[in-house]
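What follows is a set of notes on a single structure, which appears directly below.
The values are calculated or read from the model by the stated rules, or taken from the named source; none is laboratory data. Note that the coordinates shown come from a computational prediction; the quantities given were computed from them, not determined experimentally. Cβ sites come from the backbone with ideal geometry, for glycine too, and all protein chains shown count toward neighbours.
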């Protein structure tokens, strides 16, 4: 079915192959390994842009590749790139080079293996966003845990073992339930005769019948754990804080989006009836997460922990957009996924640069502000403002659309969503006041300034956010057809 | 007779080793390992010989092709594991390999039996050499204790089983699996069925008849433990699938109800008990109990969906043999004969031997059922068969149990890669055990990434 050159397959496996190669480079050639890893990630970005060139924004149809993989069960190696996938694939490809360089500061020993595993993780992330077969989707969803496990467990912070165990148990339990959901879907549809299929596009047309509510819940829980949606979030803070910077960036920037992507790609089109029925519950949980995350962020004195809770709060907000089942809500959620990926990536990168001064991650002792490095303070300010939704940055567009969607779903929903936005502004501004602009701030460590390289990385991320904020049409055009398709399937407004 | 050719070849190998050992004074030369390996390879070659046609014959079923081959693979992997171990621990090589090959013949007979008498003879031929192989280990009293336990539990199981089998013979008037009207026996048939099921559960290691597994596996030398965990499990499950799901299927409500409870208990209890283990061989034994539970799910699904479920059983066993033998290959390489192998001994292994550590992690991820390994595909097929057979709740219990299981498998990975060794990382004795690791790695990845052809093959051989 694929026409000629298997571009998507190549894009998918290039990081994995590159990762294996990087792992094989001898330990003492660290700089070569770092260069090679960055080169691989940039090459993948190039391939991704080439694939984007084959995407037609007007019809929303992108390249598709399909090979029979396990014909016995009707499992196909089926990759596709529609607007929603393309946006997230590009986000992943764009963030990985930053995550690789973000690793440069810390992590003692075994750097080559670290970089190799990060690239393997990239393949897993891309696979999840491109797979059009449920088993293939599950395969990448689960396989990705293996590099994540090692990255977090070997190169993580002091409490890495506890964080790793919690993270793995939560996600494995969630995804195994999803596996049962996949099987139930499959069996329901094969009961009508012969061997079935795991193809999402085929399954989207056929309801699962009486078992649909159960199958929906099995999928929804798996996605809720990954996002995470309240009350499945207790793994989050430890994992984000203990992870090495590069992994924190990918976890909060991309991996969390997998859950929301799952809602949009599987829960809504495959179970439209259930999605409508449980939308109110989902929105309530999403709002609880958005508000609760903001409250937790207010209480934090550690910068990374604050960013982790803020990320949780934002993910709740994005989930709200999805389950508002309205056009602005879903467009906003998709848009906000990209912008939040960039914002939180930037925040974690900035945090790791600012916290290395030796004062730990405490907000009061940041090496930024008048006493310390001015560049660091300025950039942290920028990303904090971007996170709270300052107009001119991408987050403003995303949050605005989500709030609009929430109001369309119900006035109270919209009001509570506004409250969540306001609280986002509160904790971020408080962070800036205490961490950067406190007039009486004592000079703790003689001012540690960002290196030119770190500054350049953060500035590029910032530019991307501003460009998307000023020209949101670039992204909404890509998303338009996919959003319309989901809305048509779920029958929303 | 033609159908028994592979068994004959392997038994001939055993006799050849015995003769060679009698003629040569030195009993620990490398030659014996290669003779054993040659006999097993000849057995595999006989199986796949053109014209052999799956080995259908008197009292032997052609549907068991894959199980007999799997048993041969399990035995070959055990030889790879045993070679260095025998040299280090000064075990008598000749006797060891003779027993190994004879036990293999027994397993093949059990796996292929289409007749209760052949099954019982095979079972005894399989178990008695295993008892001696446990006892052969030098050092502390642990191997002797393991041997006595295995003997006593094994004899009990055999007695119960034999009682049931004689009742079956009395009812249907023949030893054949499909011989006569078993249902006519009424209450006596039901009692016979329960007795057979209890006997089989002992050998399969299903709760509540699993108590011998942890003691026997932790007490015996790592290669022997590996052989018990893999070979005998394949053989007994192969027979159970054929006997319960097909021949005794008339009485499905009875065995179904019992096995259902037993499967759920095994999956949950096996995984929960494994959480608490510090001795890695005990841990693997409890993990084996849990895997017996998953395999029992396939047996249960076979009641309504025989073709698909029995094929998934065959695939699961094949994948399980390689992953488990791979783990034990590592244990054999670092074990000090006569000492308990605790999890702490594995600490730091991943730093000192990254490749071996990575292989070990692969097997553990496979046993936990994570893709892209054969363990995932095996679980996928078994649970899919269960959902297909309207046993969705069993699949749900299975995945919950798998999530619990992931905790201790991942903890072992953590110990290997993330914990600091207390007294230096254990030295890995290089040797031909490496081949076992290599084979296991290849099988685990191949069946996880490209299982399509092999799935078709298993489906074809289990139900031509």
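Go through the range B:415-428 and report how many residues are more than 14 Å from every other protein chain (Cβ to nearest Cβ), at pLDDT 65 or above and surrounded by fewer than 15 Cβ atoms within 10 Å (Cβ to Cβ). Let's see the steps before the verdict.
Of the residues in the range B:415-428, the ones more than 14 Å from every other protein chain (Cβ to nearest Cβ) are B:421-428.
Restricting the remaining residues to those that are at pLDDT 65 or above gives B:421-423, B:426-428.
Now restrict to residues that are surrounded by fewer than 15 Cβ atoms within 10 Å (Cβ to Cβ): B:422-423, B:427.
The number of residues fulfilling the criteria is 3.
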Odd one out for residue A:137, checked against (1) touching a strand residue (DSSP E or B) at 6+ places or on another chain (Cβ under 9 Å); (2) at negative phi; (3) surrounded by fewer than 24 Cβ atoms within 10 Å (Cβ to Cβ) = (3)
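Tell me which helices (runs of 4 or more DSSP H) are completely within the range A:112-214 and hold 3 or more residues being within 30 Å of residue A:27 (Cα to Cα), or say none if there are none. Spell out how you get there, then give the answer.
On the way: elements: A:134-143, A:145-155, A:160-190, A:200-205.
Fully inside the range A:112-214 and qualifying: A:134-143, A:145-155, A:160-190.
Would you mind stating whether residue B:321 is more than 13 Å from chain A (Cβ to nearest Cβ) and within 22 Å of residue B:212 (Cα to Cα)?
Details: more than 13 Å from chain A (Cβ to nearest Cβ): yes; within 22 Å of residue B:212 (Cα to Cα): yes.
So residue B:321 passes the test.
Taking the range A:136-166 on its own, how many of its residues are more than 8 Å from every other protein chain (Cβ to nearest Cβ) and modelled with pLDDT of 90 or more? Before the answer, list the steps.
At the first step, the residues of the range A:136-166 found to be more than 8 Å from every other protein chain (Cβ to nearest Cβ) are A:136-137, A:140-141, A:144, A:147-148, A:151-152, A:155-159, A:162-163, A:166.
When the remaining residues are screened for being modelled with pLDDT of 90 or more, the result is A:136-137, A:140-141, A:144, A:147-148.
Final tally of qualifying residues: 7.
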message = Need pairs with beta-carbon distance below 8 Å; first residue farther than 14 Å from residue B:96 by Cβ and within the range B:32-51, second part of a loop (DSSP other than H, G, I, E, B) and modelled with pLDDT under 90; sequence gap 6+ or separate chains.
response = B:46/B:52
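To keep it simple, each residue is scored yes or no on (1) in contact with a helix residue (DSSP H, G or I) (Cβ under 7 Å, 6 or more places away or on another chain); (2) within 19 Å of residue B:218 (Cβ to Cβ); (3) more than 13 Å from chain A (Cβ to nearest Cβ).
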{"position": "B:331", "(1), (2), (3)": "yes, yes, yes"}
{"position": "B:344", "(1), (2), (3)": "no, yes, yes"}
{"position": "B:350", "(1), (2), (3)": "yes, no, no"}
{"position": "B:356", "(1), (2), (3)": "yes, no, yes"}
{"position": "B:383", "(1), (2), (3)": "yes, no, no"}
note = the range B:226-336: helices (runs of 4 or more DSSP H) wholly inside it with 3 or more residues that are surrounded by fewer than 24 Cβ atoms within 10 Å (Cβ to Cβ) and without any contact (Cβ under 8 Å) to a residue 24 or more places away in the chain are B:252-275
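Restricting to the range A:43-62, what's the tally of residues that are part of a helix (DSSP H, G or I) and either touching a strand residue (DSSP E or B) at 6+ places or on another chain (Cβ under 9 Å) or surrounded by fewer than 14 Cβ atoms within 10 Å (Cβ to Cβ) (or both)?
3
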ask   = Out of all the residues in the range B:453-462, is one or more within 13 Å of another protein chain (Cβ to nearest Cβ), at pLDDT below 90 and more than 24 Å from the chain's Cα centre (by Cα)?
value = no
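When you scan the range A:226-240, do you find a residue that is buried (at least 24 other Cβ atoms within 10 Å of the Cβ) and modelled with pLDDT of 90 or more, even just one?
Taking every residue of the range A:226-240 in turn, none turns out to be buried (at least 24 other Cβ atoms within 10 Å of the Cβ) and modelled with pLDDT of 90 or more.
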inquiry  = Checking residue A:229 against (1) part of a helix (DSSP H, G or I); (2) touching a residue at least 24 places away in the same chain (Cβ under 8 Å): exactly one of these is not met. Which one?
reply    = (1)
task = May I ask you to list the residues in the range A:172-193 that are over 17 Å from residue B:386 (Cβ atoms) and within 10 Å of chain B (Cβ to nearest Cβ)?
result = A:172, A:173, A:174, A:175
ask   = Of the conditions (1) within 14 Å of chain B (Cβ to nearest Cβ); (2) touching a residue at least 40 places away in the same chain (Cβ under 8 Å); (3) buried (at least 20 other Cβ atoms within 10 Å of the Cβ), residue A:65 fails just one. Which one is it?
value = (1)
task = Mind listing whichever residues of the range B:367-381 are on the phi < 0 side of the Ramachandran plot and within 11 Å of chain A (Cβ to nearest Cβ)?
result = B:368, B:370, B:371, B:372, B:373, B:376, B:377, B:379, B:380, B:381
ask   = Would the range B:387-394 turn up any residue that is crowded, with 23+ Cβ neighbours inside 10 Å, touching a residue at least 24 places away in the same chain (Cβ under 8 Å) and more than 10 Å from chain A (Cβ to nearest Cβ)?
value = yes
